[in-house]
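Notes follow the structure.
The values are calculated or read from the model by the stated rules, or taken from the named source; none is laboratory data. On a predicted model such as this, the values are computed, not experimentally measured, just so you know. FYI the Cβ positions are ideal-geometry reconstructions off the backbone, even for glycines, and counts take in every protein chain you see.
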């Protein structure tokens, strides 16, 4: 556990749900954990107690939040969940926070398996449909050109990126052809309780987090007496910073500014909010301890607001590093990689790191603190304005 993690309160300690099983973390909310074939080797998924009205009356069941990628291992995990965690009830709907493969990959299979609808933002539904037929900006010819323009000129890496044209479709071979639209500010009634849709930008086109305000009834849980709950998706993670990338589909974008504005918009949420992230462990769920004047809060007592502070500070520090590097000489995104990422990177990590490096450069460029210089070699470099 790093120093920043140690500041956060983890109400369930090191407990994790076993493979194919569910762990109740709040009234009517169960936590699932499934594997991913990446360095980030897992995703958290959620079951919400739900009911639906139909011609035959009210049906009791569950809503699924996020799906995992399409592969045999994830399908097998879901089948085990269906056998052990649903209490004999059906799945009534599938809710997807955003269009990335680990979140929407099996949505087509789940909705067909249970004959239930998909709920997702319109922007991410359309983006997923498009990407499942082409790519997401991390593979294919356009992505290779994009990264080469920003200085990634290793022929072997560029060739591998070029040949990854089916990167997205391999994990998301299909997307349901109909959906119910989620929008920021709207309220979603799930199991007799209101969940507010919170739109976030920068990580995905229109990411939707779900927030249930405390005090709506139910039994006490380990995080507090019916504390507020935030299913944060990828917008707020406890251990790592969310990937925010400029990709070839929007090469002049400024997603990092959008992301920082989006997490700042979460600050008015209740101090005792239990945060259920897509990666890492649930955290928060307590009212942060108040330290004496000038004294830091005790370790392990902080929640959502502290994590927002940490993420804002993290990117502020990265901006300082970028500005200092660009002050010495015009610098490309590829040349920033060893500055921003101290560990060795495989190709999968390098493509995401390149997207993040460009995002930091673009944020400062749009602020007018950097200027962009096209080079004779076709590479874009940035220097102080």
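Assorted remarks:
- Conditions (1) out of contact with any strand residue (DSSP E or B) (no Cβ under 7 Å at 6 or more places or on another chain); (2) at negative phi: number failed by residue 368: (2)
- Filter result for residue 332 (touching a helix residue (DSSP H, G or I) at 6+ places or on another chain (Cβ under 9 Å), touching a residue at least 60 places away in the same chain (Cβ under 8 Å) and closer than 20 Å to residue 359 by Cα): yes
- Test: residue in the range 285-300 that is crowded, with 16+ Cβ neighbours inside 10 Å, outside any helix (DSSP H, G or I) and on the phi < 0 side of the Ramachandran plot: yes
- Looking across the range 185-211, the residues that are in a loop (DSSP other than H, G, I, E, B) and in contact (Cβ under 8 Å) with a residue 60 or more places away in the chain come down to 191, 192, 201, 202, 203, 204, 205, 206.
- Residue check for residue 360: without any contact (Cβ under 8 Å) to a residue 40 or more places away in the chain, surrounded by 14 or more Cβ atoms within 10 Å (Cβ to Cβ) and not in a loop (DSSP other than H, G, I, E, B): no
- Residue within the range 28-38 that is over 22 Å from the mean Cα position of the chain (by Cα) and in contact (Cβ under 8 Å) with a residue 24 or more places away in the chain present: yes
- Residues that are crowded, with 21+ Cβ neighbours inside 10 Å and in contact with a helix residue (DSSP H, G or I) (Cβ under 9 Å, 6 or more places away or on another chain), drawn from the range 31-46: 32, 34, 43, 45
- Just one residue in the set 274, 198, 256 is out of contact with any helix residue (DSSP H, G or I) (no Cβ under 8 Å at 6 or more places or on another chain), buried (at least 19 other Cβ atoms within 10 Å of the Cβ) and under 29 Å from residue 366 (Cβ atoms); that residue is 198.
- For the range 312-348, taking the residues that are farther than 26 Å from residue 4 by Cβ and part of a loop (DSSP other than H, G, I, E, B), the one that is farthest from the chain's Cα centre (by Cα) is identified as 329.
- Residue satisfying condition, being farther than 30 Å from residue 347 by Cβ and modelled with pLDDT of 95 or more, within set 288, 282, 299: 282
- Residues that are in a loop (DSSP other than H, G, I, E, B), more than 25 Å from residue 58 (Cα to Cα) and touching a strand residue (DSSP E or B) at 6+ places or on another chain (Cβ under 7 Å) within the range 90-109 comprise 97, 98, listed in sequence order.
- Flag if residue 327 is at pLDDT 95 or above, under 22 Å from residue 281 (Cα atoms) and either out of contact with any helix residue (DSSP H, G or I) (no Cβ under 7 Å at 6 or more places or on another chain) or surrounded by 23 or more Cβ atoms within 10 Å (Cβ to Cβ) (or both): no
- Among the candidates 245, 241, residue that is surrounded by 20 or more Cβ atoms within 10 Å (Cβ to Cβ), touching a helix residue (DSSP H, G or I) at 6+ places or on another chain (Cβ under 6 Å) and part of a loop (DSSP other than H, G, I, E, B): 245
- When the criteria are applied in full, residue 66 meets the requirement of being surrounded by 21 or more Cβ atoms within 10 Å (Cβ to Cβ) and in contact with a helix residue (DSSP H, G or I) (Cβ under 7 Å, 6 or more places away or on another chain).
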